[in-house]
1. Filter the range 42-61 for residues that are touching a helix residue (DSSP H, G or I) at 6+ places or on another chain (Cβ under 8 Å) and open to solvent by 60 Å² or more (accessible area, probe 1.4 Å) and give the result.
2. Can you tell me how many residues within the range 56-78 are over 19 Å from Ala172 (Cα atoms), touching a strand residue (DSSP E or B) at 6+ places or on another chain (Cβ under 7 Å) and not small (Gly, Ala, Ser)?
3. Go through the range 92-135 residue by residue and tally those that are assigned to a loop (DSSP other than H, G, I, E, B), open to solvent by 20 Å² or more (accessible area, probe 1.4 Å) and free of Cβ contacts under 8 Å to residues at least 40 places away in the same chain.
4. If you check every pair at least six apart or on different chains, which have Cβ atoms under 9 Å apart with a residue in the range 192-210 that is modelled with pLDDT of 70 or more first and a residue that is assigned to a loop (DSSP other than H, G, I, E, B) second?
5. Filter the range 25-52 down to the residues that are part of a helix (DSSP H, G or I), under 21 Å from Asp164 (Cβ atoms) and not β-branched (Val, Ile, Thr) and list them by number.
6. Quick check on my filter: what residues within the range 136-168 are part of a helix (DSSP H, G or I) and either among the small types (Gly, Ala, Ser) or open to solvent by 50 Å² or more (accessible area, probe 1.4 Å) (or both)?
7. Quick one: which of Asp82, Asp139 is of a type in the set (Asp, Glu) and without any contact (Cβ under 8 Å) to a residue 40 or more places away in the chain?
8. Restricting to the range 62-71, give me the number of residues that are surrounded by fewer than 21 Cβ atoms within 10 Å (Cβ to Cβ) and in contact (Cβ under 8 Å) with a residue 24 or more places away in the chain.
Amino acid sequence: MLRYLYADQLKTRPDLARAMFADRAHQFKTRQGWDVTVDADGAERDSYDAMNPLYVIWETPQGAHGGSMRFLPTTGAVMVNDHFGHLTGGVTISSPLIWECTRFCLAPGAGAHVAAALMLAGGEIMQGFAIDHFVGVFDARMERIYRRIGAAPEVLGTEGEGRDRISVGLWAFDRASQARVAARAGIAPALSRMWFDRAFGADAARGEYHAKTG
């Protein structure tokens, strides 16, 4: 199932949170060799985790972390502006209608359906919070995954070649996109919406967002 948790709510699911940060360390540090910080407990965190972001987590039927990603509004500090501005020609992306998606992580052994489920959750956030786009930086590996699940972004800028290529992308979400991603995830749109409403309330999503970040 999909869970939506702000950073200050992770304490309600400590085992799930611990596994998420450990899987991030495995993916980004061990497998991909990124210059990220891993603490003595084997958890990968950065300064943006201290900004009370919203996490989407795929929880397996056994209660384990299957995959996750992190969201922050671009009206505050975000990676695309702080570290990757050269990919957008120095243009700052800042709008209440655009959020940044980062730390797209899949647990070892997770299938493409988990990636699709996470993107489906991103669409729920767009619809629930009246957001027009997500922006994010991704590498060549993720480009292939996005294409496979039917959620390829508009590319705003790229550097590098082959496996070293990184890009900034902009995602939109419409009914056709939702149908494609939901089918790839094997999740009925009504079930996806129920999980979102369970987290935020069917009529109070935008109020919850402002309460957490305003």
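1. Scanning the range 42-61 gives Arg45, Ala50, Met51.
2. 5
3. 7
4. Within 9 Å, the pairs are Arg193/Ala202; Trp195/Met1; Trp195/Ile187; Phe196/Ala202; Asp197/Asp203.
5. His26, Gln27, Phe28, Lys29, Arg31
6. Within the range 136-168, Ala140, Arg141, Arg144, Arg147, Arg148, Gly162, Arg163, Asp164 meet the criteria.
7. Details: Asp139 fails: without any contact (Cβ under 8 Å) to a residue 40 or more places away in the chain.
Going through Asp82, Asp139 in turn, just one is of a type in the set (Asp, Glu) and without any contact (Cβ under 8 Å) to a residue 40 or more places away in the chain: Asp82.
8. Residues of the range 62-71 surrounded by fewer than 21 Cβ atoms within 10 Å (Cβ to Cβ): 62-64.
With in contact (Cβ under 8 Å) with a residue 24 or more places away in the chain added as a condition, the list becomes 63-64.
The total comes to 2.
The values are calculated or read from the model by the stated rules, or taken from the named source; none is laboratory data. Since this is a predicted model, take the numbers as computed values, not measurements. All Cβ positions, even for glycine, are placed from backbone atoms using ideal geometry, and neighbour counts span all protein chains on display. Just the protein is used for accessible areas: all its heavy atoms, side chains included, with ligands, DNA and RNA removed. Shrake-Rupley method; radii C 1.70, N 1.55, O 1.52, S 1.80 Å.
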